[in-house]
Each structure stands twice: as structure tokens, then as C-alpha cells.
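The values are calculated or read from the model by the stated rules, or taken from the named source; none is laboratory data. In this text the structure is predicted, and so the values were computed from the model without any measurement. For neighbour counting, all protein chains shown are included, and Cβ atoms are generated from backbone atoms with ideal geometry for every residue, glycine included. SASA here: full protein model, heavy atoms, side chains in, ligands and nucleic acids out. Shrake-Rupley method; radii C 1.70, N 1.55, O 1.52, S 1.80 Å.
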Amino acid sequence: MLEIENLHAKVEGSEILHGIDLRINAGEVHAIMGPNGSGKSTLAKILAGREGYDVTAGKVLFEGQDLLAMTPEDRARAGVFLGFQYPVEIPGVSNMYFLKTALNEIRKYRGLPELDAMDFLVLAREKMKLVDMDEDLMNRAVNEGFSGGEIKRNEVFQMAVLEPRLAVLDETDSGLDIDALKTVARGINAMRRDDRAMLLITHYQRLLNHVVPDKVHVMIDGQVVRSGGKEFALELEEKGYGWLEETEKARA
Amino acid sequence: MTETSAGRNTFLEEYSSFEKSDGFRRHAWLRPLREAALSSFKRLGFPTTRNEEWRHTNVAPIANSSFRLPAFDFDRHKVPELANFTFSETECCQLIFINGIFSQELSSAKCLPRGGRMKSLAAALETEKEIVAPWLASLASHEHNAFTALNTAFLSDGAFVYLPPGTVLSEVLHLVFVSTTNGHAIACHPRNLIVIGDRCQAGIVESYAGLDGGRYLTNAVTEIVLGSGAQLDHYKLQRESEEAFHMATLQVLQDRDSHFTSHSISLGGTLTRNDANVVMNAEGAECHLNGLYATRGRQHIDNHTCIDHARPHCDSRELYKGILDDRSSAVFNGRIIVRKDAQKSNAKQTNRNLLLSEEAVVNAKPQLEIFADDVKCTHGATIGHLDEEELFYTRSRGIGLEAARTLLTYAFASDILNSLKFKPIQCQIDLVLLSRLSRSRSS
Ligand SMILES: Nc1ncnc2c1ncn2[C@@H]1O[C@H](COP(=O)(O)OP(=O)(O)O)[C@@H](O)[C@H]1O
Ligand SMILES: [Mg+2]
């Protein structure tokens, strides 16, 4: 479903990603772990189409299409979803209106009829249950004044409504207490399907106790330095990233 | 100062014919006022950009034009277009003025509660002299503002509203001023007097609109007196034609514990200047001034506001927002005066501007003149573009670039729009804004 090949990218002149290779098949859940500043969010934002990153080499194919040639909105319509590490507040736009507009744009693109306000509400209520989201939040401005936990729930809730083919979740676990983490994990697990792929980006291993990945990759300094199965995450939890960083340096 | 210009000469000529008209003679008692105002105009002349108050607003296009007083020549075929600027009769009582002249036929002034009056000023000058005379021209001075001077010199019609103490209106009063030029460059000088008694509660909308394009000048003055404990929601909706000039002064005098809320929405015209001046003249008064201006093409909109905390314990809140596209420009000048003895004054002023193009220009200036020491005054002005992060987030959810820009631009104005308690007015503005936003994006 997603093939990343030798991806190099610069921000403001300096290279952040130094050749990323990653292949995710439909039905798989992959995790990318790594220390802060290693380029995980950069990769996520490049996949979603954020401007300001200069891809200097490599390519990204999503279901065989050249993802990097597409606008952010077309990527979303084709089925790519990014759960942001730091979602912005959008004052003046209600969460409900925002998501209904988004869903209808995606449905239009897929040749499906648009949902009216009532049908949307029915759907939204059902998906809200997945992440125990308070209906109150639907009538507030997007992310405005949301607590850390509410923001992350809202990201997972949006994913559940938009039903992407590929979900990239950037630190969806950070800043959550254990109950909220379990709730969010439950929402993510409910979204696992044979025809959907997920890429979980996380700094800590704890989310992976609840959402068990098929593969775990470690990213350090803009490169995937090691990949393994689900046990690898536990090993990392035990040993930290230090030893990998050392081997990296030794290799360089 | 007294340079001659085509505009000045035309206005003086027009005054000579006005003097000979029936309308002038009918209200002979106004002659000294009109003449004093005319000499103010002669003395002041049109302001130039050398005048600090007019630094960023060049009225030379008005000074160099020859605008004539209009005749009443309303084409009945235009009635359907009029509906774009009116509200349904179930929602309000409406006075309609065509080219500044009252139209009984088109208006729907139902009975106000006992003792209330809502009629043309022309009629009130004859029948309500005891209420009109003490207030008319007592608030808006013609001595310092050439446009107010012209308006006063040509004073003959407009709206008159009087609410006796304790009146609570359930319906909004709508004053509609439409211009229809038939190809003539006309000048209208609507003059409104609104006298709200103690403890009244009311909502009044002033709409200014062009029915059929064309170059014309609307030069309006509204004077409002608010009795003690009275509450007034005032709305001004400016939707003049693209080539029109709109000059307007709103002058408000507030008594003890009165609440005045103003919503000033400016969307039309090629050149607009609004002066909104509020004097809180007794303790406990409160005023809220909200403004929204949206410009495109080469439009220019200037909002000068002045809030005078003349007495202690008064609060003012001001929020003006601008959305500027293309090569348009805007001015916000927010003056706040806190007089020497006006302790415990509380004033907050905010001006925010959203630029949709690189060529649009805003001049924003707070002007605080504080002579008391125990006061709370804050002000802030911002000028910015749509937030890249918000745009990206919106697009990343599948909403296209143009739709995302429209959504976020509309959201920028949402707090002003949501503060409009009279919802039909919000619907009208929504229509204009949304069609404009989507059109400017697709062109
Ligand atoms: N817009 C930007 N401008 C400059 N440097 C950036 C920008 N975005 C990211 N970086 C740099 O790129 C590196 C990787 O950042 P990021 O992708 O956020 O890492 P991670 O998500 O793994 O913590 C960091 O050194 C960061 O400072
Ligand atoms: Mg990150």
C-alpha cells in the first residue's frame, strides 16, 4: 500500500531525512520509534503533503500512485490520514461543521452521495463512542481549548469518521494518562482492517502494549537504522535508543 | 483650505437651488442651522491627506466630482431588487428611503407601542418639532467635519425614531437607504435622529445600498440619544454599489447606566469613511462597538471611532475586524478618551486584519488619550495572513485549498457575525461574504 524509497528531504536548507526506505502492506500496522528530533514528524508531514519540505531524492508510492505529486486534499481523498502530533486550533469553525465538510469532500471524490446534517450526526455519534468522546466537543471550535487528551481523541475520532486506507498517527499517545491511552488504543484497534494500513509514530513503547504492531522500525537522525517484529519494541524499551545511536555512529 | 474644486462649486450651486425649493421653505426654522453649516463647509473645504484625520483617506475623487441633489425617480420595476436589502415585514418595521427621500408607499411602519414614533424626518420636522428641535444637530457638530457640514446644510429628510421611557420593542426597526442613479451622479444626505427614552430596549438597523451600480455619494449623519438605563442594539449595514462613495457619521450620547451596542458592517462602495463617536456622559454607561469590513478590488474603507469616557465607571469594548483582498485598503483609527475625572474607566480595543493578498494595505492606529489615573485600558492591533498550519490541517482532511481558504476566512469574521443578535442581518451578510469569497477564489 505504501512504498517509501530512499527518501531524502530538506527543511530550510538542511537535510533532515537521509534516505528512508519503508514498505507497508494492506492490513499491516507498523510502528516507527526513535528519539526526539530524529525526523519522525517530518516524515509524517511529508506523507500528508505539508509545504516547506524539499524532497531532494527518492519517491513515495501510495497504492501505486506518486503520492508526492498530489495536493494534501487529494491525498486525504485518496485515503491518507495524518493524526497530528500537534493539531492546530481553528477558532470560529465548529468541529462538527469541519468534519462534515471534510467527509463530504471525500465522499464526493469517491462518487458517494453527500451526507446531510442528520445522517452525519448519526454517524458521528457512533464513532464518538469508539473513543469516549464528549458530544459537547462537536459543537466547539476545532481543538479550541481542548485538553491534551481531548485533542488526541479528536484526531482518532476524525480518523474513524473519514475511514482512511492509510493512517499515520504521530504521537497519538503522548500526553495521555493510562485510561485515556487505553481508550485511544481501543479506538485504533477498532480501525484495524485487512484493507487498511497504519503507521504509528511514537516515542515510547507503551502504546504498543495496547496496539500490537506487525513491524517496528527505529529511526535515528533521519534514517531507519533497524527494523524488527513486535518483540523489538520491548527490547528498545529495555535498552533505550542509546546503544543503537552508538552503533550508528560507529558505522558512520 | 478653501481651495475651489468642482465638487465644492457644485454643492454651493446646489445649495442655491435648494434654498429656492419648497422643501427648504417648509422648514424655514432650520434656515439658521443650514446656513451656519454651509459656512462651516465653505470654511473647512474638503479635507486633504494633509489633515491628520484624513491622512490615509483621499477624498479627492469626491471633491473633483459634481454630485447633484437627486429627484425622486424610483422605477417601480426595481422593487424586486429592493428585496435584497430589506427584511420580511414579519421581522421588522421598515422605513424606506429612495435617494434620501422617504417613500411612504414602500415602507411598512406598523404602530409602535404607545407614544413611539417612527417616521420620516421631513414629517417630524413639522409635527414633532418639540422633540426634534432640542436634539437635532446638537450632537453631531458641523464645525469640524466637512461632510457633516454638508449633510446639515442640505438637511431635509431621513429617519426619525422616538421611543418614550420604558418602551420595549419586540421588533427591530429597519431604516433602508437605497440609491438608484439612472446614470446621474447624485448626492444624498440622509439625516437620522433617534431619541431613545429612559429604560427602553430596542434594536435598530440602518441599511445603505445601491440598487443599480453607478457613481453616487451617500453622506449620512445619524444622531442617537440614549436615556438612562436604555439599551440599544444598533446595526449599520453598508452595501453600496461598487462605484459609490459612502461618508457617514454616527454620533451617540449615552446617559447613566445605558448600554449601546453598535455593529458596523461595511462591504460595499469604492470609498467609505465611517466616523462613529460615542460619548458616555454619565456613570455606569457601557458601549460595545463591533465592526467588520471586507474589501476587494481597489476598495478603500476607513473606520474612525472615538469613545469618550466622559464620566467615571463606564465600560467600553471595541472589536473591529477587516478582511482585505486584491489591492484594497483599509484604515482603522480607534480613539479612546478618558477624561480627567473618569476614574474606574474600563476600555478594551481590538483591531484585527486578515490580508488575503500581498497588495492589500491596512493602516491601524489606536489613539489613547487618558487623563485619569485609575483606569484600565488595553488595545491591540494585528495584521496577518491566513495561518499556514490551519490551512494545511484543513486540507489534510480532504477540504480543497479554495474551500479551506473560504472556511478560514469566514471563521475569522465569525465572532463579529455571531454577535449579531438580529439573525436576518447575519443571513444577508453571510450571503454576500460567502459568494464573494468563493468568487474571488475562482477568478
Ligand atoms: N520547519 C522546520 N524548520 C527547521 N527545522 C525543522 C523544522 N521541522 C523540523 N525541523 C528539525 O528537523 C528535525 C526533526 O524534527 P521532527 O521531524 O519534528 O522530529 P521528531 O518528530 O522525530 O521528534 C529536528 O532537528 C527539527 O529541529
Ligand atoms: Mg514528532
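At-a-glance table
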read-out	value
Buried accessible area, chains A and B (both chains, 1.4 Å probe, Å² to nearest 100)	2100 Å²
Cα-based shape type of the range B:65-171, given that a ≥ b ≥ c are square roots of the gyration tensor eigenvalues and the cut on a/c is 1.5	oblate
Coil-residue GluC sites (Glu not before Pro) of the range A:22-93, DSSP, other Cβ within 10 Å capped at 13	A:Glu51
The range A:61-77 - phi-based ³J(HN,Hα) in whole Hz, Karplus 6.51/-1.76/1.60, Gly and Pro as x	10, 10, 6, x, 8, 6, 4, 5, 7, 8, 6, x, 5, 6, 5, 4, 5
Residue-by-residue Karplus 3J(HN,Hα) for the range B:401-412, coefficients 6.51, -1.76, 1.60, Hz, glycine and proline x	3, 5, 5, 5, 5, 4, 4, 6, 5, 4, 4, 4
Inverse mean reciprocal Cα-Cα distance (Kirkwood Rh) of the protein assembly as shown, Å	28.7 Å
Karplus-derived 3J(HN,Hα), 6.51/-1.76/1.60, for each residue of the range B:111-123, Hz, glycine and proline x	5, 7, x, 2, x, x, 10, 8, 7, 6, 5, 4, 5
Accessible area expressed per residue, the range A:111-170, with surrounding protein chains retained (probe 1.4 Å, Å²)	42 Å²
Of all accessible heavy-atom area on the range B:155-309, the percent that carbon and sulfur account for (1.4 Å)	42 percent
Dipole of the range B:1-116, positive end: most advanced residue of B:Phe24, B:Phe85, B:Ile62 [Cβ charges, Cα centre]	B:Phe24
Mean projected area (nm²) of the alpha-carbon convex hull when the range B:6-282 is viewed from all directions	13.5 nm²
Surface accessible to a 1.4 Å probe, per residue, for the residues of the range B:6-282, Å²	36 Å²
Dipole moment magnitude, nearest 20 debye, the range A:1-67 about Cα centre, only Lys, Arg, Asp, Glu C-beta charged	180 debye
Label-point gap, in nm, between B:Glu242 and A:Asn6 - each point 7 angstrom along Cα→Cβ	5.4 nm
Amide H partners (placed H, <5 Å) of A:Thr172, local residues excluded	A:Ile201
Förster radius 60 Å - calculated FRET efficiency between B:Arg25 and B:His385 (Cβ-Cβ, nearest 0.05)	0.60
Label point distance in nm, B:Ser419-A:Arg23, each placed 7 Å from Cα along Cα→Cβ	6.0 nm
Label-point separation in nm, A:Glu15 to B:Ala36, each point 7 Å along Cα→Cβ	8.2 nm
Cα gyration tensor shape for the range B:387-443, rounded if a/c is under 1.5, else prolate or oblate	oblate
Filter on A:Lys129/A:Lys182; A:Lys45/A:Lys108; B:Lys20/B:Lys119; A:Lys10/A:Lys215 - keep pairs with C-alpha separation over 18 Å	A:Lys45/A:Lys108; B:Lys20/B:Lys119; A:Lys10/A:Lys215
Mean separation of Cα contacts under 8 Å, 6 or more apart, over the residue count of the range B:6-282: relative contact order %	16 percent
Neighbour-limited loop hits for trypsin sites (Lys or Arg not before Pro), the range B:315-398 (at most 12 other Cβ within 10 Å; DSSP other than H, G, I, E, B)	B:Lys340
Calculated [θ] (222 nm, deg cm²/dmol) that DSSP helices of n ≥ 4 give over chain B, each run adding -39,500 (n - 2.57)	-7000 deg cm²/dmol
Built amide H within the under 5 Å cut-off of B:Gln231, gap 5+	B:Cys200, B:Gln201, B:Ala202, B:His259
Size of electric dipole in the protein assembly as shown: Cβ of Lys, Arg +1 and of Asp, Glu -1, about Cα centre, debye, nearest 20	1280 debye
Backbone N within the range B:254-274 under 20 Å of label point (7 Å from B:Ala60 Cα along the Cβ vector)	B:270-273
Accessible surface of the range A:2-251 [probe 1.4 Å, protein heavy atoms]: carbon and sulfur percent	46 percent
Amide H contacts of B:His288 (H built 1.01 Å from N, under 5 Å, at least 5 apart or other chain)	B:Phe260, B:Thr261, B:Ser262, B:Arg317
Residues of the range A:141-161 with amide N under 18 Å of a point placed 7 Å along Cα→Cβ from A:Glu135	A:141, A:154, A:157-158, A:161
Student exercise, the range B:387-443 dipole from Lys, Arg, Asp, Glu Cβ charges, in Debye to nearest 20	320 debye
Sites A:Arg125 and B:Val79, calculated FRET efficiency, Cβ-Cβ separation with R0 35 Å, nearest 0.05	0.15
Max mean-square fluctuation residue, GNM over chain B, Cα-Cα springs under 10 Å, options B:Ser107, B:Ser21, B:Ser328	B:Ser21
Taking chain A and dividing mean pair separation by its residue count, relative contact order in percent (alpha carbons under 8 Å, at least six apart)	28 percent
Cβ-derived FRET efficiency at R0 41 Å, B:Lys110 paired with A:Arg192, nearest 0.05	0.05
